[in-house]
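The values are calculated or read from the model by the stated rules, or taken from the named source; none is laboratory data. What you see is a predicted model; the values in this text were computed from it and never measured. No Cβ is skipped: glycine too gets one built from the backbone with ideal geometry, and neighbour counts run over all protein chains shown.
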Amino acid sequence: MLNTTDLFSLQGRTALITGGSRGIGRMIAEGFLAAGARVYISARKAAACDETAKELSALGHCISLPSDVSTLDGAKALVAAYGKHEASLDILVNNAGAAWGAAFDDFPESGWDKVVDLNMKTPFFLTQALAPALRAAANAHGGSSPAKVINIASIDGVSVNPMETYSYAASKAGLIHLTRRMALRLAPENIVVSAIAPGAFASDMNKDARDHADAVAQRIPSRRIGTTEDMAGAAIFLASRAGDYVVGSTLVVDGGVTHARS
Ligand SMILES: NC(=O)c1ccc[n+]([C@@H]2O[C@H](COP(=O)([O-])OP(=O)(O)OC[C@H]3O[C@@H](n4cnc5c(N)ncnc54)[C@H](OP(=O)(O)O)[C@@H]3O)[C@@H](O)[C@H]2O)c1
């Protein structure tokens, strides 16, 4: 008899979520805590990250590990801080991201460097730096359950958003392909890499969805923006045993926007 509670449970698992202090990262942290995981969240602003961890501690074990993961040194500092708490890592969520909008003729080099570094380079190097901890989790209990890496991409990497966010769109398309490439490399080591491509979720980055949800909803086939349950549900699915066979794929969670765009 299939036990669906067990299938979707994260009981006894550890999770590290970059950009977990607010927005989509916080939604995922809430979901993982509700599913029983020990959760570590990271962001640059220490006070905000600490405050979120304090609030989420009402749901379970949640620790703040502030760090700027846009540089290799920052990523390594986060790995060292995490290593003081746990010897292995079951679930890494590469969620921290940045966007940049500017007209084609004026688009600056800094708008490429910042966005591509954080959205595409960081998921690679943070996963590389955490590989020993992920391998330790993948090999625990005789390798019965894989470790997970979940990259937070965007529907803008799947279909074309008419906004002039050139580096963002390219970085997210790159992250979706990087997800496939890394998945093939790591699957034989019992580490499953997948991605989520969110549509419109209220956040500081998506101020339109946050401040004008009703207007944004009119452009979405589901006629609403995404909720914490929508994001948490997708992330719990991929992170839990239920998602063990989803390898290198990107789960689109957008109320149908990409189908309407194409
Ligand atoms: N919201 C949407 O509709 C939507 C749609 C598609 C995809 N996404 C993707 O979802 C992810 C989260 O976006 P969001 O909307 O939740 O954005 P957000 O509200 O701006 O949150 C971004 C999070 O990342 C952290 N962060 C930013 N730069 C960082 C750095 N260099 N090092 C460490 N942490 C950093 C932020 O905290 P600090 O500022 O303190 O560092 C914050 O916790 C991004 O990858 C984004 O591209 C969002």
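The table that follows gives values for the structure above.
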read-out: Enumerated helices (runs of 4 or more DSSP H) restricted to the stretch 164-248, each holding at least 1 residues that are more than 10 Å from the ligand (Cβ to nearest atom) and under 18 Å from the mean Cα position of the chain (by Cα); value: 166-186, 228-239
read-out: Candidates V192, V247 - the one that is out of contact with any His (no Cβ under 7 Å at 6 or more places or on another chain), of a type in the set (V, I, T) and crowded, with 22+ Cβ neighbours inside 10 Å; value: V192
read-out: Answer from D204, D211 - the residue that is surrounded by fewer than 20 Cβ atoms within 10 Å (Cβ to Cβ) and without any contact (Cβ under 8 Å) to a residue 60 or more places away in the chain; value: D211
read-out: Near pairs, Cβ below 7 angstrom, 6+ apart or cross-chain, from the stretch 32-48 (closer than 28 Å to R241 by Cα) to any residue that is among the polar types (S, T, N, Q) and assigned to a loop (DSSP other than H, G, I, E, B); value: A35/S9; A35/S240; G36/S9; G36/Q11; I41/S21; S42/S67; A43/S21
read-out: Residues located in the stretch 25-50, provided they are within 13 Å of the ligand (Cβ to nearest atom) and either of a type in the set (K, R) or over 16 Å from I91 (Cα atoms) (or both); value: R26, A43, R44, K45, A46, A47, A48, C49, D50
read-out: Qualifying position, being aliphatic (A, V, I, L, M), surrounded by fewer than 17 Cβ atoms within 10 Å (Cβ to Cβ), in a loop (DSSP other than H, G, I, E, B) and modelled with pLDDT of 95 or more, among A102, A136, A96, A80; value: A102
read-out: Enumeration of residues in the stretch 142-186 that are hydroxyl-bearing (S, T, Y), touching a Phe, Trp or Tyr at 6+ places or on another chain (Cβ under 9 Å) and surrounded by fewer than 21 Cβ atoms within 10 Å (Cβ to Cβ); value: T165, Y166
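To keep it simple, each residue is scored yes or no on (1) more than 11 Å from the ligand (Cβ to nearest atom); (2) in contact (Cβ under 8 Å) with a residue 12 or more places away in the chain; (3) farther than 17 Å from T179 by Cα; (4) of a type in the set (S, T, Y).
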{"site": "V69", "(1), (2), (3), (4)": "no, yes, yes, no"}
{"site": "I91", "(1), (2), (3), (4)": "yes, yes, no, no"}
{"site": "A99", "(1), (2), (3), (4)": "no, yes, yes, no"}
{"site": "D105", "(1), (2), (3), (4)": "yes, no, yes, no"}
{"site": "P123", "(1), (2), (3), (4)": "no, yes, no, no"}
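One line per residue, one yes/no per condition, for (1) farther than 23 Å from R13 by Cα; (2) touching a Ser or Thr at 6+ places or on another chain (Cβ under 8 Å); (3) aliphatic (A, V, I, L, M):
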| position | (1), (2), (3) |
| --- | --- |
| F107 | yes, yes, no |
| K114 | yes, yes, no |
| A131 | no, no, yes |
| H141 | no, no, no |
| S144 | no, no, no |
| V158 | yes, yes, yes |
| T165 | yes, no, no |
| A170 | yes, no, yes |
| P188 | no, no, no |
